[in-house]
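J.: Shown below is the structure under consideration.
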Amino acid sequence: MTAQSEEWGRSRIDYDKRADSYHVACEDSELASTNVVLSIAALEGVGPMELPPLAETVDPDALDRVFAPSASVEGSVSFEYAGYDVTVTSEGKLEIVPGRDATRRRQRRN
């Protein structure tokens with residue numbers, strides 16, 4: 001794991017045990033696509049470059065434009081990435097739910 005994703009995980013990701021989901025509050029100055037990749041990398045315990053390209057799942061530039069602080073969009077978009085169900089909201093939040101494979105990987109590490 002890189003120091004960047006390790007620090008990201010400690011300072012940003014909250015776990016909701018009842019819902020088995022992770023929640024990330026993003027800063028206005030940050031790109032939604034970067035938040036997704038760094039959050040998943042931290043959860044997986046790997047560096048961001050070890051994950052599949054986000055562009056194989058969703059257009060990162062479009063995601064960043066839609067959820068930029070200057071955008072006047074309300075709502076959310078959901079997609080699957082690296083074995084997680086990810087929802088990005090216009091309020092600057094991520095909800096990340098482990099899929100079956102991610103849950104198995106997490107159980108093996110514990």
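J.: Filtering segment 3-32 down to residues that are assigned to a loop (DSSP other than H, G, I, E, B) and surrounded by 13 or more Cβ atoms within 10 Å (Cβ to Cβ), which residue is modelled with the lowest pLDDT?
T.: Ranking the qualifying residues of segment 3-32, first place goes to Cys26.
J.: Can Ala71 be described as modelled with pLDDT under 90, more than 13 Å from Lys93 (Cα to Cα) and among the hydrophobic types (A, V, I, L, M, F, W, C)?
T.: So Ala71 fits the description; yes.
J.: Could you please tell me which pairs satisfy a Cβ distance under 8 Å, a separation of 6+ or placement on different chains, a first residue in segment 52-67 that is surrounded by 12 or more Cβ atoms within 10 Å (Cβ to Cβ), and a second residue that is among the charged types (D, E, K, R)?
T.: Close Cβ pairs (under 8 Å, with a partner that is among the charged types (D, E, K, R)) amount to Thr57/Glu80.
The values are calculated or read from the model by the stated rules, or taken from the named source; none is laboratory data. All of these numbers come straight from a predicted model, not from anything done at the bench. Methodologically, a virtual Cβ is constructed for each residue, glycine included, from the backbone with ideal geometry; neighbour enumeration extends over all protein chains shown.
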